[in-house]
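Right, one structure below, let's go through it.
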Amino acid sequence: MISHKKGASGFRLFHWISLVAIVALLAGCSPFQGNETGADNGQQPAKPEKIERYQGEKSKAVSMVYTTQRQLALTFNGMADKDTMKRLLDELDKYHIKAAFFLPGMRVAEEPDIARQIVARGHEIENNTLNQSDLQGQSYEKMYEDIKLANKVIKRETDKTPRYIRTKSGDYSDDLRLVAAHNGQEAVVSSSLFLHNWQKETEEQKIHYLRKYMNRGGIVAMDTEENKSVVENIRLLAEAATDVGYRFVPLHELIAQGGERKPLQEIPGFDAAKMNAEYYKSKPNLIYRKETDKKLVALSFDDWGTDQTVTKILDILDKKDVKASFFLRADGVERNPNLARAIAEAGHDVANHTYSHPVNTQIALEELQKEIVKAHQVITEAIQQRPTMYFRPPTGAFDEQTLKAIAATGYEDITIYDVTPSDYDKKRNADDIVKAIMEQTRSGSVILLHMLDDIHTIEALPIAIDQLRSKGFTLVPMTEMFGQ
Ligand SMILES: [Zn+2]
C-alpha cells in the first residue's frame, strides 16, 4: 500500500516503522510519548470513526493568482535527502527567496529536523499528502485520512498547520477540494510552471526558457527529489525574475493578494461582439491614419509576448508618459490573463487581433467571426472590462467580404496603420526601426510595432519616442485620435 521510489530495504523498513508510528499517533496512543493514555495492552483498538462527507464549500483550486502585482511564488514538492535540502535552503537564503515546501507527511515523520530547518529559515510548510501520492481514484474517506494524517505529523513536528494541499502531480479532483476544506485547508494548489529535469539545454537555453514563464501571479514548482538541478535552478530563477523586475514572495502572500474575477457574463459589454450572418448589412469603417494638420501620432503594438518583453514595453511607455494601443492575440491572453490586465491597468487601449492569428482572407467568414468573438470574450474576461472595439486583421490582410464579416460582429472600426518599420524582423536593429519610423511618419499616422520576443523594438522604442517629440509630434492612443 505504500509506494516507494527508493529501493533500499533499510529505507523501506524505516518507512514502515514511520507508518506504524503515524497510525498509532492518529489512534491516540503515541509511541513518541510513551503510554500515557492508560490503554491496556491487548485491548482491541478503537474502531475508526465513520467519516461523513463534508457538507460545506470546497476549497479553492489555485494554479496561478489573479494579480497584476509584479510578484510570483516558488514552491517545492517532496523532501530530498538532507544534503540536497540543506544546499537548497542555503541557496534560497542567498537569493532572499522565501518559498513554500509541500512536504509528504511520511518524510516529515522520518526527518523532522529537515522540516524544522525549513520553518526556521522562514519558509512555509504545506501538505504534499502523506506519502506524496496522487490520491487518484481513492475514496473520500481514504483521501480524508491521508490528508489528516499528513497535517497531524506536520503540526506535531513543526508546530505549523498547512494552509494548502498539493498532490504529487498537482492533479486534483473536486473530492480532494472537499477533503481540503474538511481538513481546514484553504486551497489545493497546483502550479503555472512545473520545472522538470533539463535534457541537454545549454545555460542560454535554460535562461531563455525560464524567462518565458516568469508570469505575474505565477506559481513555479519543482520536485526536490525528481529534479536533479533543483539547487542550481534557484540562481537561474532568481536572475530571470530580477531581469523582468518581478519578485518571489511567500505563497500565502501571493494568494492573499489575488483578486476574485468577475465571471464573463457579469462584465458589461461581454456580448458586444456576436456571431452575425447578415454580413451585407454591416458598415465597416476602415482606418489607416487620420486626415489632420495636427501633429498627432499613435503607437500601436500587435500580437503577444512574454512578461519580460511586454513589461519592458509598459515600463518604457510609463517612463515616457505615453499611452498607446495594443492589439492582442487572445490565445496568448488566455494563457496569461494577468499580463493583459496589466496593459489595461496602465491606461492603454486594449483591442482585438483575433484568437489564433489566422490570415483573415484564408479562412471561412464564419471561422473569422468565431475568432473575433472568442478573442473578445477572452480579452474581456482577462481585463475584466469591455476592450476597445477596434479590430486589426493579422498581417493586415483583408478584402471586401472579410471587412463586412468583421463589422457584422460589432467590430466596425477596422484599424490598420500607415507606418510599418517591420520591427517583427529579427534582423532589423534599433537604428533600422527608428529610421523607418521617422521617414514614414506624418500628421495623423498610426505606427505598427510588435510585442514579440527577441526583436529590437524595446531598444528602438525610447529613441523613436524622443525623436518623434523633437519633431513636434504628440503621441496619443488611437482612441484619442479616432474616437470610440
Ligand atoms: Zn499580428
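The values are calculated or read from the model by the stated rules, or taken from the named source; none is laboratory data. Just so we're clear, the structure is a prediction, and the values are computed from it rather than from any experiment. Here Cβ is always computed from backbone atoms with ideal geometry, including for glycine, and neighbour counts include all displayed protein chains.
In the list E124, E186, E91, which residue meets the criterion of being modelled with pLDDT of 95 or more and farther than 25 Å from V230 by Cα?
Just a single option satisfies the conditions, and that option is E186.
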What is the residue count in segment 100-115 for residues that are closer than 15 Å to R166 by Cα and not in a helix (DSSP H, G or I)? 5
What are the pairs with Cβ atoms under 9 angstrom where one residue, in segment 452-479, is farther than 13 Å from Y424 by Cα and the other, located anywhere, is hydroxyl-bearing (S, T, Y) and surrounded by fewer than 19 Cβ atoms within 10 Å (Cβ to Cβ)? Sequence gap at least six, or different chains. L468/T474; F473/S443
Answer yes or no: is there a residue in segment 100-113 that is closer than 19 Å to L74 by Cβ and of a type in the set (G, A, S). yes
So, A115, is that one without any contact (Cβ under 8 Å) to a residue 40 or more places away in the chain and not basic (K, R) or not? no
Inside segment 356-396, can you point out the residues that are within 12 Å of the ligand (Cβ to nearest atom) and in a loop (DSSP other than H, G, I, E, B)? S356, H357, P358, V359, R392, P393
From the option list I455, I406, I433, single residue qualifying as more than 24 Å from D293 (Cβ to Cβ) and in a loop (DSSP other than H, G, I, E, B) is I455
So, N233, is that one of a type in the set (S, T, N, Q) and part of a loop (DSSP other than H, G, I, E, B) or not? no
Assess whether A221 counts as being within 24 Å of A397 (Cα to Cα) and not basic (K, R). no
Residues of segment 116-163 being part of a loop (DSSP other than H, G, I, E, B), of a type in the set (S, T, Y) and in contact with a strand residue (DSSP E or B) (Cβ under 8 Å, 6 or more places away or on another chain), in sequence order, are T129
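Take residues that are over 25 Å from F473 (Cα atoms), more than 15 Å from the chain's Cα centre (by Cα) and more than 16 Å from the ligand (Cβ to nearest atom) and tell me which of the strands (runs of 3 or more DSSP E) falling wholly in segment 255-352 contain 1 or more.
285-287
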If I go through segment 273-287 residue by residue, how many of them are crowded, with 16+ Cβ neighbours inside 10 Å and either outside the structural domain of V373 (by TED's automatic domain parsing) or modelled with pLDDT of 95 or more (or both)? 4
Is it fair to say S169 is part of a loop (DSSP other than H, G, I, E, B), free of Cβ contacts under 8 Å to residues at least 40 places away in the same chain and not β-branched (V, I, T)? yes
Condition check: in the same structural domain as A364 (by TED's automatic domain parsing), more than 16 Å from the ligand (Cβ to nearest atom) and touching a helix residue (DSSP H, G or I) at 6+ places or on another chain (Cβ under 7 Å). Does L236 satisfy that? no
State all residues of segment 406-422 that are away from the ligand (no atom under 15 Å from the Cβ), buried (at least 23 other Cβ atoms within 10 Å of the Cβ) and of a type outside the set (V, I, T); if no residue qualifies, say none. A408, Y411
Mind listing whichever residues of segment 458-476 are outside any helix (DSSP H, G or I) and either basic (K, R) or more than 17 Å from D315 (Cβ to Cβ) (or both)? K471, G472, F473, T474, V476
With respect to Y411, is the statement that it is within 20 Å of P268 (Cα to Cα), hydroxyl-bearing (S, T, Y), in a loop (DSSP other than H, G, I, E, B) and in the same structural domain as D271 (by TED's automatic domain parsing) true? yes
Checked segment 334-372 for anything among the acidic types (D, E) and free of Cβ contacts under 8 Å to residues at least 60 places away in the same chain; matches are E334, E367, E371
It is to be established whether one or more residues within segment 130-148 are closer than 27 Å to Q55 by Cα, surrounded by fewer than 20 Cβ atoms within 10 Å (Cβ to Cβ), in the same structural domain as N233 (by TED's automatic domain parsing) and touching a helix residue (DSSP H, G or I) at 6+ places or on another chain (Cβ under 6 Å). yes
